[in-house]
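One structure is given below, encoded as structure tokens.
The values are calculated or read from the model by the stated rules, or taken from the named source; none is laboratory data. What you see is a predicted model; the values in this text were computed from it and never measured. Heads up, the Cβs are rebuilt from the backbone with ideal geometry, glycines too, and the neighbour counts pull from every protein chain shown. Heads up: the accessible areas ignore ligands, DNA and RNA and are worked out on the full protein's heavy atoms, side chains in. Shrake-Rupley method; radii C 1.70, N 1.55, O 1.52, S 1.80 Å.
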Amino acid sequence: MGAGGDGRPIIRSKRDGLIKRIRSSEKLKRLGSVKDDLVVLRSLWFQKVSGGDHAARLESFYGPQAHAYDKFRTSFLWGRRPMLAAAAARLRDQPDLIWVDLGGGTGENVDMMAEMLPIKQFKAIYVVDLCKSLCREAANKVRQKGWTNVHVIECDACTFEPPEGMATLVTFSYSLTMIPPFYAAVDRAISYLHPTKGLLAVADFFVSGRFDLPMRQMTWLRRFFWRCIFDTDNIDIGPERRNYLDHRLSRVWEYNGQGSIPYVPFLRAPFYCWVGHVPQLASVLCENKVEAPPHFPPTFLYTMSWEDPRPDAEVLKINESDCVLTLTSGGCNSLNLCLEGAGQVYSVDCNPAQNALLELKALAIRELDYEDVWAMFGDGRHPNIKQIFEQRLAPFMTQASYKFWEPRLWYFKQGLYYQGGMGKAVLYMQLIAWWLGMGGSMKRLANADSLQAQKQAWEGAWFIRFCKAGPSWLKELIIRFLALIFLNRFVMWFGGGVPCKQYRLIHRDGLRISQYIARTFDGVAQSSHLRKDNYFYYNCCTGRFLKDCCPSYLTREGFNRLKSGRLESLHIVSSYFKEQLQARMYSKVILMDHVDWQDLTAAKDLAQVLARQVVPGGRVIWRSAAHAPKYAQLVREAGFDVKCLQRAEEGYMDRVNMYSSFYVAVRRGPSHLANGS
């Protein structure tokens with residue numbers, strides 16, 4: 001560059017040239033990737049499998065695609081990660097692990113496992129495969145990764161035995177369906193599986209039997225279609241292999257799903273993950289398939305329980321001899337019953353999404369530390385939710401809950417308490433408040449340091465002042481307009497969980513829904529300090545809890561007590577309430593407000609079942625949107641002493657304040673049964 005010359009054009013030219021070379025390199029990589037995928041697809045769809053024995057047939061199938069095996073299978077073998085995560089979660093605390101990966105192919109499973117458990121935690125890992133080309137790829141990977149405890153063995157799964165004699169983990173990752181003598185392979189694996197610590201884990205494609213477990217069941221067309229498709233590649237995905245696993249071992253976890261296929265739109269191949277252990281105990285793990293009732297949203301309505309547990313505790317007087325039946329709702333109160341010391345708590349809901357939420361809360365308490373649980377359910381957000389879900393929570397979930405949460409982990413990115421029906425109602429309420437210029441008032445209301453300051457913030461909001469002192473005709477017009485938009489029956493059901501029958505109960509007491517809501521909010525603002533004592537409405541204003549204002553399971557003391565054993569009394573059931581009521585005898589029953597949802601015929605039937613299933617002296621409590629619900633008399637006639645404990649005539653009942661009455665019914669003793677029933 002000459003003296004005083006400008007070098008910027010040269011620098012710019014070099015930069016542009018570098019960018020072009022990078023883009024050209026990336027384009028070539030993409031083209032190479034597509035080329036590799038086409039090689040794999042050609043092997044899958046068009047290449048005829050040949051050979052005089054099983055090893056030769058495997059080589060003819062995998063040999064041409066071995067170099068491209070890993071990348072293509074990452075977007076095809078969807079069961080590998082959840083299967084490995086389920087095994088790792090159960091072996092996390094054991095040292096000197098021995099792992100035998102039968103049909104381990106290129107060793108990619110070892111690479112995946114490294115994300116879940118340190119490879120150094122394994123004393124030895126054996127990648128066993130009968131295909132020479134895949135073993136060659138695995139050996140190269142072991143050298144590149146520097147794994148000194150990983151050994152690649154070219155051997156038949158039916159004859160291999162680890163030098164150590166016993167294995168802690170044996171896996172069949174999309175390999176059992178390709179082993180014709182699968183009985184021998186499974187028997188051989190079980191022969192060296194550790195009798196008390198050992199796990200056998202399988203991930204593979206499948207079709208169900210004609211009559212199978214509910215969560216496995218398929219239609220005849222799907223069974224026929226997928227079995228024919230995989231049979232062309234000598235892959236037998238029939239139910240026999242998993243049935244034999246169920247016969248030989250005790251199943252501890254299972255998941256049945258379906259995953260996409262590269263370059264094949266619309267079709268999703270069925271796969272399963274299965275984990276079992278050696279002890280010959282009866283396999284009682286059998287999950288029933290439960291669908292949400294018609295007209296329910298595809299997610300939960302409530303992120304937390306909207307009934308105040310404090311007056312419930314005063315009335316119920318829970319003790320360790322109690323068997324309690326309650327509705328799940330948001331699950332907070334079910335956990336609270338465990339904390340109060342109930343011997344058994346049956347939490348039932350006909351909406352599986354509500355039970356999925358409670359199951360997630362219970363599993364998080366059992367498997368995570370306090371700060372992670374607080375991030376998820378206190379703040380409602382967790383930065384590492386995907387990793388925590390995959391490695392710590394999903395391995396212990398029921399299939400229904402896994403399928404619910406796996407595509408909804410973004411709830412914990414956007415904020416859990418803005419999800420579901422009521423969560424969306426809370427979000428829109430906040431947005432409308434800010435839009436109407438009341439954002440500052442809402443903030444002052446939520447963070448007032450005393451009840452008096454809270455009252456001032458409430459009464460100082462311009463909309464509240466207008467409602468109390470504005471022109472009657474204008475006030476009436478605006479309130480009717482807002483009620484039409486935000487308090488119509490559609491919004492009240494999907495946003496507030498208020499069905500039409502309950503809506504009508506409010507009208508029968510001479511109230512418009514706008515008046516009912518106004519009474520609710522005004523009573524809370526005037527009588528209950530949000531910042532220190534009312535976590536329900538603090539959450540509505542902020543979308544989160546505080547550590548000194550939260551449900552009991554989120555306090556450190558409550559968390560520790562649940563984790564130390566109180567949680568064992570909880571049973572989560574997806575079913576209808578009456579079905580579970582008929583299943584056993586109870587000493588305490590919490591109806592919440594769900595009898596409001598029923599007609600009198602159904603309410604009478606429920607009252608009679610309560611009379612049969614509640615022990616003498618047992619207590620039943622409920623709340624109602626009506627001042628005096630007619631079904632209270634039906635419960636009395638069935639054999640209970642019924643008493644109304646609270647009515648909302650003074651404008652305030654409890655911290656939730658959403659109901660008009662609160663009842664308790666005590667089952668009369670044997671001498672009264674003839675008259676009562």
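Candidates F521, F559: the one that is under 18 Å from G380 (Cα atoms) and among the aromatic types (F, W, Y) is F559. I'd like to check something: does the range 548-561 contain any residue that is within 26 Å of P616 (Cβ to Cβ) and in contact with a helix residue (DSSP H, G or I) (Cβ under 7 Å, 6 or more places away or on another chain)? Checked against the condition, which is being within 26 Å of P616 (Cβ to Cβ) and in contact with a helix residue (DSSP H, G or I) (Cβ under 7 Å, 6 or more places away or on another chain), the range 548-561 yields no hits at all. Exactly one residue out of D212, D204, D187 is in contact (Cβ under 8 Å) with a residue 12 or more places away in the chain, in contact with a strand residue (DSSP E or B) (Cβ under 9 Å, 6 or more places away or on another chain) and among the acidic types (D, E), and it is D204. Residues in the range 376-395 that are under 19 Å from Q414 (Cα atoms), without any contact (Cβ under 8 Å) to a residue 40 or more places away in the chain and crowded, with 20+ Cβ neighbours inside 10 Å: H382, I385, I388, F389. Within the range 72-107, the set of residues being more than 18 Å from I119 (Cβ to Cβ) and touching a Gly at 6+ places or on another chain (Cβ under 9 Å) comprises R73, S75, F76, L77, W78, G79, P82.
From the list A189, A157, A167, A201, the lone residue that is farther than 30 Å from I388 by Cα and modelled with pLDDT of 95 or more is A189.
Cβ-Cβ distances below 7 Å connect the following pairs, each with a first residue in the range 545-556 that is crowded, with 19+ Cβ neighbours inside 10 Å, a second residue that is of a type in the set (G, A, S) and modelled with pLDDT of 95 or more, and a separation of six or more residues or different chains: F545/G378; C550/G378; S552/G558; L554/G378. With respect to the conditions (1) among the aromatic types (F, W, Y); (2) touching a Pro at 6+ places or on another chain (Cβ under 8 Å); (3) open to solvent by less than 40 Å² (accessible area, probe 1.4 Å), W597 lacks only one, and its number is (3). Applying the criterion of being part of a strand (DSSP E or B) and among the hydrophobic types (A, V, I, L, M, F, W, C) to the residues of the range 315-328, the residue that is nearest to the chain's Cα centre (by Cα) is L327.
Among the residues of the range 226-246, those that are open to solvent by 30 Å² or more (accessible area, probe 1.4 Å), closer than 24 Å to T171 by Cα and assigned to a loop (DSSP other than H, G, I, E, B) comprise N234, D236. When the residues of the range 610-664 are filtered to those that are of a type in the set (D, E, K, R), closer than 17 Å to R508 by Cβ and more than 37 Å from the chain's Cα centre (by Cα), the one that is surrounded by the fewest Cβ atoms within 10 Å (Cβ to Cβ) is E649. Inclusion of G415 among residues that are touching a Gly at 6+ places or on another chain (Cβ under 7 Å) and open to solvent by less than 20 Å² (accessible area, probe 1.4 Å) is warranted.
Which condition number in (1) more than 20 Å from G103 (Cα to Cα); (2) out of contact with any strand residue (DSSP E or B) (no Cβ under 6 Å at 6 or more places or on another chain); (3) surrounded by fewer than 19 Cβ atoms within 10 Å (Cβ to Cβ) is the one that R223 fails? With (1) more than 20 Å from G103 (Cα to Cα); (2) out of contact with any strand residue (DSSP E or B) (no Cβ under 6 Å at 6 or more places or on another chain); (3) surrounded by fewer than 19 Cβ atoms within 10 Å (Cβ to Cβ) applied to R223, the lone miss is (3).
Taken as a whole, the structure leaves C338 outside the set of residues that are closer than 19 Å to D654 by Cα and buried (at least 22 other Cβ atoms within 10 Å of the Cβ).
Just one of the listed residues (S552, S527, S514) is under 30 Å from V614 (Cα atoms), at pLDDT 70 or above and of a type outside the set (K, R), namely S552. Among the residues making up the range 151-210, a single one is of a type in the set (D, E) and within 18 Å of R81 (Cβ to Cβ): D204. Picking from residues in the range 350-374 that are farther than 14 Å from C332 by Cβ and out of contact with any helix residue (DSSP H, G or I) (no Cβ under 7 Å at 6 or more places or on another chain), the one that is least open to solvent (accessible area, probe 1.4 Å) is N351. Of the residues making up the range 173-219, those that are basic (K, R) and closer than 25 Å to D96 by Cβ number 2. Taking first residues from the range 220-245 that are free of Cβ contacts under 8 Å to residues at least 60 places away in the same chain and partners that are open to solvent by 50 Å² or more (accessible area, probe 1.4 Å) and of a type in the set (D, E, K, R), the Cβ contacts under 7 Å between residues at least 6 apart in sequence or on separate chains come to G238/R227. Counting only residues that are at pLDDT below 95, small (G, A, S) and assigned to a helix (DSSP H, G or I), the range 67-91 holds 1 of them.
C540 meets each of the listed conditions (1) in a helix (DSSP H, G or I); (2) within 30 Å of G343 (Cα to Cα) apart from (2).
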